[in-house]
Amino acid sequence: MRKQALLSIFLALCVLSMVACTLPSGPTGGTGTPGQPGTLASANITPQDPTYKGCPADGDGGDGTLNTFKNRTDEGPWTVVDLSTLLSLSYPSDIARKQRENWSDSDQAAIAQYEGAAVEVTGYVLDLKHEGTESTNCHSSSERDYHVWFAVNPSDDRSQSLVIEITPRVRAQRPGWTDSAISSLKGEHVRIRGWLLMDQEHPEQLGQTRKTLWEIHPIMHIEIDQGGGNFVSIDS
């Protein structure tokens, strides 16, 4: 417990100083290689996004670069990070609603420090909903994201949450991720692994239905706490 507490403090200090923080060597707690150091900084992995059901990685409009990151399906060397750390992660305020091609060099560099980090996070699912049609999924009526509100405590309000997203491309690789299984996550204590993403398109939701524009998007793995920290994948 003491080691975990020190690690959490270390990460928090790194985030506040906006420095890429390399973690001490040790088990990653995820699918990464045990004994290798993890990092909260971007892993600089190029998303692997083949065309899915006729929809290219960059979607059919909007911010193509953002869509490409949302549509990734690759795995990462997952690093355990506290949800509270991600909720307090800073970002430039002037990127809101701007297409990425119009970001300044300094803003791009600030986001690139952390975007693409492969993270493992534990928290509570406050609520979730099946999204409408979006450019990311080429406005398909059948291929839609699940928007999930993820919080530190089960009693938290959505204004204190991190938005995490389940995408059609990942669901296609996870037979157990049925609508029923996903809907049953509401109220559960879960552990998820996924990619840290900046979604600059929803500043109007800040303080209302999210605390930050940072997201975990897409989610690659979901496990439910069966009690006593015994997490079981919904894949099974």
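The values are calculated or read from the model by the stated rules, or taken from the named source; none is laboratory data. All figures in this text were calculated on a predicted structure; none of them were measured in a lab. Neighbour counts run over all protein chains shown; Cβ positions are idealised from the backbone, glycine included. The protein model used for the area step is the full one, side chains on, heavy atoms only, and it has no ligands, DNA or RNA in it. Shrake-Rupley method; radii C 1.70, N 1.55, O 1.52, S 1.80 Å.
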So for the range 92-185, using the alpha carbon gyration tensor with a ≥ b ≥ c as root eigenvalues (a/c under 1.5 gives rounded; past that, a/b versus b/c decides prolate or oblate), I'd call it oblate
For Leu89, Leu206, the accessible-area ranking with a 1.4 Å probe, largest leading, is Leu206, Leu89
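Just by accessible area at a 1.4 angstrom probe, what is the order of Ser84, Ser155 from largest to smallest?
Numbers: Ser84 65, Ser155 105 Å².
If we order Ser84, Ser155 from most to least accessible, we get Ser155, Ser84.
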Here, Ser159 and Ala181, labelled 7 Å along Cα→Cβ, have an inter-label distance in nm of 3.6 nm
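Using a/c under 1.5 as the rounded threshold, could you call the range 138-236 rounded, prolate or oblate? The axes a ≥ b ≥ c are square roots of the C-alpha gyration tensor eigenvalues, and prolate needs a/b larger than b/c, oblate otherwise.
On the way: a/c = 1.94, a/b = 1.13, b/c = 1.72.
Oblate is the answer for the range 138-236, as a/c is 1.5 or above yet b/c matches or exceeds a/b.
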Averaged per residue, the 1.4 Å probe accessible area of the range 40-151, protein heavy atoms only, in Å², is roughly 41 Å²
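Using a Förster distance of 22 angstrom, determine the FRET efficiency expected from the C-beta separation of Asp225 and Ser88, and round it to 0.05. Don't skip to the answer; put the middle values down first.
Details: r = 24 Å, r/R0 = 1.07.
Computed FRET efficiency for Asp225 and Ser88 comes out at 0.40.
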Computed over the range 38-189, the relative contact order (Cα-Cα under 8 Å, seq sep at least six) in percent reads 25 percent
Ignoring ligands and nucleic acids, Trp103 exposes an accessible area, probe 1.4 Å, in Å² to the nearest 10, of 20 Å²
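Where in the range 81-127 are there trypsin sites (Lys or Arg not before Pro) that are in a DSSP coil and have at most 12 other Cβ atoms within 10 angstrom of their Cβ? Could you put the intermediate results ahead of the total?
Details: sites: Arg97, Lys98, Arg100; in loops: Arg97, Lys98.
The qualifying sites are Arg97.
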Note on the range 172-230: C-alpha Rg/Rh, Kirkwood Rh, two decimals, gives 1.03
Taking a label point 7 Å from the Cα of Glu201 along Cα-to-Cβ, the residues of the range 209-236 whose backbone nitrogen sits under 16 Å from it are 213-219
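Given a 1.4 angstrom probe, I'd like the percentage of the accessible area of the range 103-198 that is carbon and sulfur, rounded to a whole number. Write out the running numbers ahead of the final one.
Numbers: 1510 of 3540 Å².
Ligands and nucleic acids excluded, carbon and sulfur give 43 percent.
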